[in-house]
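The structure appears right after this line, and notes come after that.
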Amino acid sequence: MMKSPIWNSQDAALYRTFLSPAREALTSYTAFPIVLGPINASSVRLTQVMGTSAQFVLIGMGVSKVTCSAFRVLTDARVHLMQDDIPCSFPTSAGILLGLGLGGFFDGIVFHQLLQWHHMLSGWYPLNSIDNVKLNTTWDGIFHSVAYVLVLLGLYLLWQRARRPDFQWSRQQCLGAVLLGWGIFNLVEGVIDHEVLRLHQVNETVPEGQRIFWDIGFLLWGAAMLVMGAGMARAGAQGREHAESSLQAR
């Protein structure tokens, strides 16, 4: 069986020990980045009765569950990395996490703060009152916090892999994996938040009929990064394998 040039056996093991449990923890909650708690009749009634306060209670429940899962699986990942005797290549999973976090930071800093084209919930709660401004500011902070955690997790996995004496750095694989993560962020953000949930749109300062074009541009940007990232990561992995085979031939 041929190994994938991008996602090797070590990254697959990291996925099983870290990304898969985290995904299972997140799937019981509403779409990223809004974590309001399990979607059932009780939580809906509670939210209707208690309003914003109930939402923040459910947020805490979701964050606690995901945080506990992250700590548990990161410990498993550390043990896996320290005990594996296979030559250590660049961790694609770490690059993807870094790309997801950096994509979130760029979106929040540039679009939310500098350009002020939209805010996290400005599609549901327009900035036409002090209460709505406060609510959107809070959710912008939650959004940035999630991006911060993703970057920390990516750095942690990269640090664990880099501690190994046989670690092989690849600039192409690193940049390719980051672009993969950033492209995934744009596509998920663009489809779920912009079009399905309608939490906000990319540029809410233009007439409503023109906003769809900005949304499409955001999706095309994400797709381009995804394709470029996959190509760079594949080229980096193939170059490393070619160099290793050349050394073995000598």
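Overview of results
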item	result
Some residue of the stretch 143-162 being more than 30 Å from V206 (Cα to Cα) and over 21 Å from the mean Cα position of the chain (by Cα)	yes
Residue count for the stretch 189-237, restricted to those that are farther than 27 Å from R171 by Cβ and over 21 Å from the mean Cα position of the chain (by Cα)	12
Enumeration of residues in the stretch 146-162 that are among the hydrophobic types (A, V, I, L, M, F, W, C), exposed (fewer than 15 other Cβ atoms within 10 Å of the Cβ) and over 19 Å from Q173 (Cβ atoms)	L152
Number of positions in the stretch 175-225 that are of a type in the set (S, T, N, Q) and in contact with a Gly (Cβ under 7 Å, 6 or more places away or on another chain)	2
Cross-chain or 6+ apart pairs with Cβ under 9 Å, the stretch 95-115 first and more than 27 Å from L157 (Cα to Cα) and modelled with pLDDT of 95 or more, then part of a helix (DSSP H, G or I) and acidic (D, E)	H112/D140; Q113/D140
Pairs where the first residue, in the stretch 154-179, is within 13 Å of A237 (Cβ to Cβ) and assigned to a loop (DSSP other than H, G, I, E, B) and the second is modelled with pLDDT under 95 and among the hydroxyl-bearing types (S, T, Y), C-beta under 9 Å, 6+ apart	Q168/S89; S170/S89
Some residue of the stretch 170-190 being modelled with pLDDT under 95 and loosely packed, with under 15 Cβ neighbours inside 10 Å	yes
Residue among S89, S93 that alone is hydroxyl-bearing (S, T, Y), crowded, with 17+ Cβ neighbours inside 10 Å and outside any loop (DSSP other than H, G, I, E, B)	S93
Residue count, the stretch 100-139 (criterion: under 24 Å from L179 (Cβ atoms) and either more than 21 Å from the chain's Cα centre (by Cα) or outside any helix (DSSP H, G or I) (or both))	4
Filter result (part of a helix (DSSP H, G or I), within 25 Å of W124 (Cα to Cα) and aliphatic (A, V, I, L, M)) within the stretch 191-232	V191, I192, V196, I212, I216, L219, L220
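The values are calculated or read from the model by the stated rules, or taken from the named source; none is laboratory data. Predicted model, so just to flag it, every value in this text is computed and none were measured. For neighbour counting, all protein chains shown are included, and Cβ atoms are generated from backbone atoms with ideal geometry for every residue, glycine included.
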